[in-house]
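Every read-out reported here was derived from the displayed coordinates using simple, explicitly stated rules and does not represent laboratory data. It should be emphasised that the depicted structure is a prediction, and the values quoted were computed from it without experimental measurement. With ideal geometry, Cβ positions are generated from the backbone for all residues, glycine too; neighbour counts draw on all protein chains shown.
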Amino acid sequence: MSPADDPGAAATKPPFKPLPQKAPDVTVERRADGSYLIRSNHPPGEGPRSIAHLLADRAGQHPDRPYILQRAPGHGPWVGVTYGEALAAAEGIAQSLLDLGLTPADSVMVLSANSVEHALVMLGCYTAGIPVAPISPAYSLMSTDHAKLKHCFETVKPKVVFAQSSEMFARAFETLRALDPRLVFVTVDGGNGTVPLSELTGARATSTVHEARERLHHGTVAKYLFTSGSTGMPKGVPQTHGMFAGVIAGQEGLRDEDPDPDNPPQALDWMPWSHISAGNIAFNGNLWAGGTLHLDEGKPIPGMFETTIRNLYEVSPMVFGSAPVAFGMLAEAMERDPVLRASFFRNLRYMGYGGATLSNDIYERMQALAIAETGHRIPLTTMYGATETQGITVVHWITERVGLIGLPLPGITLKLVPNGAKLEVRVKGPTVTSGYHNDPEKTAAAFDEEGFYKLGDACRFLDPEDPKQGLVFDGRVTEDFKLDSGTWVSVGTLRPDLVAACSPYVFDMVLSGQDKPFVGALVWAAPAAMAALGEEPLGTLTAILKERFRAFNAAAGGSSRQIGRFVILTEPPSIDAGEITDKGYVNQRATLERRQALVDAIYADPPGPGVVVVRE
């Protein structure tokens, strides 16, 4: 029994720190066809006219406050720009783009990762009313064929391309120059015939910049973001200033206390700006709050998470958000290091995770650390959404449950439609895109007859009799499959449970079994765990995982929750093949298709080489 199911056990634990957000209050309409409409009864709050106007407002209010900071090379001191400096640079960039003749029908593509300069380019584009299109750096640096880079380029047809380094991105520049010799390339260093960014930031803004900003409205396209490409090549999704404002207004509608103007939030974030979580929701939210954003050049992977840890010695965030894999690595580091633990929890009010389900094991470890340091538990929230929708639901109340996706933000209407044994998620509201860029066919297929966007996910009520307890993620509709017995396997819920059961030895896994007699698993080992397993790590790991899977099966119940056989993957997931995104999320379908031979080996009789039998 979990603590959430045992009120007596929960009562013996220390209290949570307060979460300054309103309690759940929703209206649920049940339709005759079995579908549901769910709306928050809290009205949306205030939102900005545009992000460009918001930057100008905040720069006017506190021009000398640090805005975006980044480590100097060699893990040097934090350097960056104040709000006033960011506004001046953004207006200079806007002037330069307008002088080049760019219009709202054009775009600026950004190839490189998060940086102070990347932020200034993005803000300059917003100010000029010219869409910016940040893409995953992996498309330029890790890809061997540049297929996704070329696809993104052909989708938005930029006139200007920005990257941090002329040398690092020289091969990508060559690929793009072959597609359009007229392209203007901008870099920080100005090498190899590129335009130095300083020429743009140093331009004197004229009245044309003010006029361009005043033309902005909620329907203005601010950005093109690309989907992860889990079902083909990435799709270009227009992001409007109204979509950005809708998320801010929805969050403001849930706020239960006024912010402290003398205590602006300090944030540390590594997640890429080529996705909505960091590039839209966190970036815009920090600007709305007038906070200081520290760019974390670490990542939750071995060899790079140490950078995040070193940063957390100096930056004590008020709110910490990241992917579940980062929480696991952070818990492990803080369990060894009380100095890190003290710095992390010094100002922390709550934590947020997204992109995947956090395991209960990691949740309990983080709470144990919080109690040891502060005497309180820390509220854990999550926001759910997609590139096409921004954030649409949020857990805005204190709960001990993991796996919730919350309830709709104020202003959002959620529709749950019966799809087999599940409820498919659809959404309508100000945060939802109008369609895919230059792709009317995919746009038409993405919306239902009432104009609701179809996410392809499923969810369920935690308690159908009490909807205010929230919604639980119930997997991808397209990922679930049936065994040959006709029993459905819910991949979205089983996979994180299995990863948690195999912690800390497993990085991730994918599940197989469509029309087969049992569920199979293709497992990636955690590199740090492999390094600690001695001279024969593969053999040792095989024995450990076999025992872990058997223990899981013993408590799991029916065949849809039991693993029959597994194989340990020795080749890492391929970003070119779409097996993994730059945020580290594994694509179930792409992995199974690419590794079909291993899937066949799992179900062969006798099983193929490397296949381990868990259940006869």
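A compact table of results
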read-out	value
Kirkwood Rh, angstrom, region 240-372 [1 / mean 1/r, Cα pairs]	15.6 Å
0 to 90° range, to nearest 10: angle between helix 51-61 axis and the chain longest Cα axis	70 degrees
For Gly80, residues with placed amide H under 5 Å, excluding near neighbours	Gln70
Fraction of beta bridges assigned by DSSP in region 481-613 that are antiparallel (%, nearest 5)	65 percent
Region 481-613 shape via C-alpha gyration tensor axes, a/c threshold 1.5	rounded
Environment charge at Gly557 (Cβ cut-off 15 Å; Lys +1, Arg +1, Asp -1, Glu -1)	+2
Long-range amide H partners of Lys223 with built H, under 5 Å	Val132, Gln239
From phi via Karplus (6.51, -1.76, 1.60), per-residue ³J(HN,Hα) for region 396-410 in Hz, x at Gly/Pro	10, 9, 6, 8, 9, 8, 10, x, 6, 10, x, 9, x, 5, x
Helical contribution to [θ] at 222 nm, DSSP H n ≥ 4, -39,500 (n - 2.57), averaged over the chain, rounded to 500	-9500 deg cm²/dmol
Among Ser274, Pro317, Leu414 - extreme Cα towards positive end, dipole of the chain, charges at beta-carbon	Leu414
Antiparallel %, DSSP beta bridges [both residues in the chain], to 5	60 percent
Most positive-pole-ward Cα, Leu533, Pro77, Pro504, against dipole of the chain from beta carbon charges	Pro504
Cα centroid of region 146-175 to Cα centroid of region 257-312, whole Å	26 Å
Sites matching chymotrypsin sites (Phe, Trp or Tyr not before Pro) across region 312-346 that sit in DSSP coil, with at most 13 neighbouring C-beta atoms within 10 Å	Tyr313
Check: region 481-613 dipole with +1 on Lys, Arg Cβ and -1 on Asp, Glu Cβ, in debye	400 debye
Across Lys13/Lys468; Lys422/Lys442; Lys148/Lys442; Lys442/Lys516; Lys415/Lys516; Lys13/Lys482, pairs whose alpha-carbon gap is larger than 29 Å	Lys442/Lys516; Lys415/Lys516; Lys13/Lys482
Dipole in debye (nearest 20) - the chain, about Cα centre, beta carbon charges: Lys, Arg +1; Asp, Glu -1	400 debye
Distance from region 588-615 to region 357-408 (C-alpha centre basis), Å	34 Å
Three-way shape call for region 51-216 based on the alpha-carbon gyration tensor, with the a/c threshold at 1.5	oblate
Size of charge dipole - region 51-216 - debye, nearest 20, with Cβ of Lys, Arg +1 and Asp, Glu -1, no other charges	260 debye
Positive-pole candidate from Met304, Ala554, His217, dipole of the chain, charges at beta carbon	Ala554
Packing-based exposure ordering (other Cβ within 10 Å, fewest first) of Tyr603, Tyr126	Tyr603, Tyr126
Cα gyration tensor category, rounded, prolate or oblate, for region 407-547 with a/c compared to 1.5	prolate
